[in-house]
Amino acid sequence: MKKLISLVLLAAVLWAVMFSPLTAPHVRFWWMMTGSALLLGLLSTCFNSRWWQRTEWNGANLLLGIVVAAALWGIFWVGDKASSWLFDFARPQVDTIYGMKSGESPWLLAGLMLFLIGPAEEIFWRGCVQQEFSERFGPGRGFLLTTLLYALVHAASCNFMLVMAAFVAGLVWGALYRFFPRRFAAIIVSHALWDAAVFIWFPI
């Protein structure tokens, strides 16, 4: 458990550096995000490589991943319209998130999210953190604890919409892992596709 807590604290520090208004202007966000995700994915694999045994790459999981990514995009589209109607700060905060891709190649960002960032984040958060917490505290508590931590590591951004986006997405992926752990490949696919879709292909 000490190793797992150390990994979560490392994730919190890395995400704080990337997102905090105090440090974010001094780092290349997408390169640090890619490096951080890969580092956490690698360390978590060294800590617990059993996620690979639960990953079945087949047509059914690919299709499910696409469906989940599309459904999650729809949830965020509705959420954006509702939050913009309810809160004056919502859309400016969303625009700040989209501003992170300014000046970068959309093809490069899509490739990073599809093949590196999305998969590595799932390997860490669901394949390692949620799995370990579930084994120690039970599947339900492991799911809730991981979902909260996944949202909280974005809190340094001081962007309420980003934190809520992480919470909602983490809730969906965490619930899928909670009830269908053998569908881990579909969760990886959905995370990777949703990242690329919501940021590059079909921005909300």
Angle between the Cα long axis of helix 160-179 and the longest principal axis of the chain, 0 to 90 degrees, nearest 10? 20
Around Ala169 (Cβ within 14 Å, Cβ-to-Cβ, excluding Ala169; K/R +1, D/E -1) the net charge comes to -3
For region 2-201, with +1 on Lys and Arg beta carbons and -1 on Asp and Glu, the positive-most of Gly140, Leu171, Met113 along the dipole: Gly140
Taking a ≥ b ≥ c as the square roots of the eigenvalues of the Cα gyration tensor, with a/c under 1.5 meaning rounded and otherwise prolate when a/b exceeds b/c and oblate if not, region 2-201 is rounded
Taking 25 Å as R0, compute the FRET efficiency from the Cβ-Cβ separation of Val168 and Ser102 and round it to 0.05. 0.55
Note on region 1-84: alpha-carbon gyration tensor, axes a ≥ b ≥ c; rule is a/c under 1.5 for rounded, else prolate if a/b larger than b/c, else oblate; result oblate
Rounded, prolate or oblate (a/c below 1.5 giving rounded, otherwise prolate when a/b exceeds b/c) for region 89-204 by Cα gyration tensor: oblate
In the neighborhood of Leu72, defined by Cβ-to-Cβ distances under 13 Å, what is the net charge if each Lys or Arg adds +1 and each Asp or Glu adds -1? -2
Taking 8 Å as the Cα distance limit and 6 or more residues as the minimum spacing, I'd like the relative contact order of the chain as a percentage. 35
Hey, how many Å between the Cα centroid of region 148-199 and the Cα centroid of region 7-59? 13
Sites Asn58 and Phe160, calculated FRET efficiency, Cβ-Cβ separation with R0 35 Å, nearest 0.05: 0.35
Using a 7 Å offset from the Cα along the Cα-to-Cβ direction at both Ser6 and Val27, what is the distance between the two label points in nm, to one decimal? 2.0
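Readers should treat all values here as calculations from the given coordinates under stated rules, not as data from a laboratory. Not measured: the values here are computed from a predicted model. Please note: Cβ atoms are built from the backbone with ideal geometry, for glycine as well, and neighbour counts cover all protein chains shown.
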